[in-house]
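The values are calculated or read from the model by the stated rules, or taken from the named source; none is laboratory data. Bear in mind that the values here come from a model prediction, so they are computed numbers and not experimental data. No Cβ is skipped: glycine too gets one built from the backbone with ideal geometry, and neighbour counts run over all protein chains shown.
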């Protein structure tokens, strides 16, 4: 006859504690309420007996599953890998599992993913793919499960949020170019329905305005933050200058590194050199931009740390659903490389 598996009651008896005490001692979210000696006795008893707690069953009894949904906009974006690693590693450290899903920047996909995570009884959902028009669907989901916004905020919502200081980051980019002596600027406009790009646009514009300067935009905004859109918008800026009989800008701010890559391609298409003719600053400091030709000056967004911060905030909200809503902002740092230099002449 096979030996029956050990139960929690067996662990409690071996450790000489009450059944509820044994349960709390083996629950990382509750063990802190007990003395270190009690936790030691229970865990040693469990190890000696070969007892493995059924965390899922325990979670369901408390209406918890130890899973957190994470909504990603685009898995192909180089920014996504470190961000996902940051969220997942923090959750794993606290015996939670991250479930990832991609919206492909589609609102209908976001709504479907939120419903799916609700059906799976996720303890919380971290949303890194929000658009400014998603307030209603996010507020609706937040009535049933904690929603944490990361990277992208949604104006008018009252949700725990982790952002980068995009306004100041773009201001740092403008200040760097001004300090190098540039006075003819262009700014590539990111998607207007993502507040991250709105904050970056506003920060760059505000810093130039302090010196009574403006930036050309080519009269268009991006439909997505991709190299193709960066290339298209840079070409529009150059065409706008040529049509007006004006020289090309000597400095360009691209609100994402991948758009900066496209902008460099457009300059090459026009027979212009970066940074010899035009300096370019990107944003994010994604992997490998330091190995471009030229290496890209950019504003560093610590994506893995932002993910870890979002993961910690999710765990805090799970533990205390009444936690006061807060907005955390990670500081911006400019990384100077070879894609910027003082204007020629």
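If you check residue 116 against the conditions, is it surrounded by fewer than 23 Cβ atoms within 10 Å (Cβ to Cβ), touching a strand residue (DSSP E or B) at 6+ places or on another chain (Cβ under 6 Å) and either outside any helix (DSSP H, G or I) or at negative phi (or both)? Even if it seems obvious, please write down each step before you answer.
Values: surrounded by fewer than 23 Cβ atoms within 10 Å (Cβ to Cβ): yes; touching a strand residue (DSSP E or B) at 6+ places or on another chain (Cβ under 6 Å): no; either outside any helix (DSSP H, G or I) or at negative phi (or both): yes.
So residue 116 fails the test.
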query: What number of residues in the stretch 272-281 are free of Cβ contacts under 8 Å to residues at least 40 places away in the same chain and either surrounded by fewer than 24 Cβ atoms within 10 Å (Cβ to Cβ) or part of a strand (DSSP E or B) (or both)?
result: 2
- prompt: When residue 79 is evaluated against the numbered criteria (1) farther than 30 Å from residue 256 by Cα; (2) at pLDDT 85 or above, which criterion, by number, is the only one it fails?
  reply: (1)
statement: Counting only residues that are on the phi < 0 side of the Ramachandran plot and not in a helix (DSSP H, G or I), the stretch 11-34 contains a total of 8
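Using the structure shown, decide if residue 85 is in a helix (DSSP H, G or I), out of contact with any strand residue (DSSP E or B) (no Cβ under 6 Å at 6 or more places or on another chain), modelled with pLDDT of 95 or more and within 20 Å of residue 224 (Cβ to Cβ). Step through it out loud before you land on a result.
Working: in a helix (DSSP H, G or I): yes; out of contact with any strand residue (DSSP E or B) (no Cβ under 6 Å at 6 or more places or on another chain): yes; modelled with pLDDT of 95 or more: yes; within 20 Å of residue 224 (Cβ to Cβ): no.
It is false that residue 85 is in a helix (DSSP H, G or I), out of contact with any strand residue (DSSP E or B) (no Cβ under 6 Å at 6 or more places or on another chain), modelled with pLDDT of 95 or more and within 20 Å of residue 224 (Cβ to Cβ).
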message: Against the conditions (1) assigned to a loop (DSSP other than H, G, I, E, B); (2) not assigned by TED's automatic domain parsing to the domain that holds residue 184, where does residue 287 fall short? Just the number, please.
response: (2)
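May I ask you to verify whether residue 45 is within 29 Å of residue 115 (Cα to Cα) and either at pLDDT below 90 or part of a helix (DSSP H, G or I) (or both)? Spell out how you get there, then give the answer.
Values: within 29 Å of residue 115 (Cα to Cα): no; either at pLDDT below 90 or part of a helix (DSSP H, G or I) (or both): yes.
Considered against the rule, which asks whether it is within 29 Å of residue 115 (Cα to Cα) and either at pLDDT below 90 or part of a helix (DSSP H, G or I) (or both), residue 45 comes out as no.
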Subset of the stretch 133-151 (residues that are crowded, with 23+ Cβ neighbours inside 10 Å and touching a residue at least 60 places away in the same chain (Cβ under 8 Å)): 148, 150, 151
Test: residue in the stretch 228-246 that is closer than 18 Å to residue 175 by Cβ, at pLDDT 95 or above and in the same structural domain as residue 183 (by TED's automatic domain parsing): no
- line: residue 218: passes all of (1) modelled with pLDDT under 95; (2) within 22 Å of residue 343 (Cβ to Cβ); (3) within 22 Å of the chain's Cα centre (by Cα) but (3)
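Residues that are modelled with pLDDT of 95 or more: find the strands (runs of 3 or more DSSP E) completely inside the stretch 290-340 holding 3 or more of those. Working first, answer last.
Values: elements: 297-300, 327-330, 333-335.
In the stretch 290-340, 297-300, 333-335 are the strands (runs of 3 or more DSSP E) which contain 3 or more residues that are modelled with pLDDT of 95 or more.
Select from the stretch 84-113 the residues that are free of Cβ contacts under 8 Å to residues at least 12 places away in the same chain and closer than 27 Å to residue 156 by Cβ and write down the one among them that is surrounded by the most Cβ atoms within 10 Å (Cβ to Cβ).
At the first step, the residues of the stretch 84-113 found to be free of Cβ contacts under 8 Å to residues at least 12 places away in the same chain are 92-93, 106, 108-109, 112.
Now narrow it down to the ones that are closer than 27 Å to residue 156 by Cβ: 106, 108-109, 112.
On the way: 106: 14, 108: 10, 109: 16, 112: 13.
Of everything passing the filter in the stretch 84-113, 109 is surrounded by the most Cβ atoms within 10 Å (Cβ to Cβ).
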- prompt: From the set of residues in the stretch 119-133 that are at pLDDT 95 or above and either out of contact with any strand residue (DSSP E or B) (no Cβ under 8 Å at 6 or more places or on another chain) or in a helix (DSSP H, G or I) (or both), which is farthest from residue 193 (Cα to Cα)?
  reply: 133
